[in-house]
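> Shown below is the structure under consideration.
FYI, it's all coordinate maths here, none of it is from the lab. Quick caveat, the model's predicted, so the values are computed rather than measured. Cβ coordinates were reconstructed from backbone atoms using ideal geometry, including for glycine residues, and neighbour counts include every protein chain displayed.
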Amino acid sequence: MTTLKTLIGLGALAFLAVLPARAQTPPPPYGPPIGIEGARKVMTAAEEEAAKNNWPVVIAIIDVGGHIVMLHRRDDAQLSAIDIAQRACAFWP
């Protein structure tokens with residue numbers, strides 16, 4: 001019985017040894033970091049869209065690491081939305 005278990009174990013190891021190893025896929029490229037001028041352009045476009053649609057929002061511009069570069073609260077947005085936007089940025093990457 002022990003010999004049978006040993007043969008089955010060796011057979012399983014031999015089978016696993018011939019299977020191709022899966023390479024880890026590299027993380028997706030996120031592009032260059034955003035600077036203050038780029039953040040201003042994005043913020044301007046986001047503010048225009050929010051105003052056009054009458055959205056009471058907080059707009060957060062973040063870099064590739066999930067750190068806030070720029071934050072803007074529209075006048076009609078709730079104050080609690082600031083905290084929500086900041087916490088959401090912490091979970092981005």
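> Using only the alpha-carbon atoms, what does the range 34-78 span along each of its principal axes? Please give whole angstrom values in decreasing order.
Rounded to whole Å, the extents work out to 29, 19, 12 Å.
> With the crude spin-label approximation of a point 7 Å out along Cα→Cβ, what separation in nm comes out for Asp75 versus Ala51?
In this crude spin-label approximation the distance works out to 1.1 nm.
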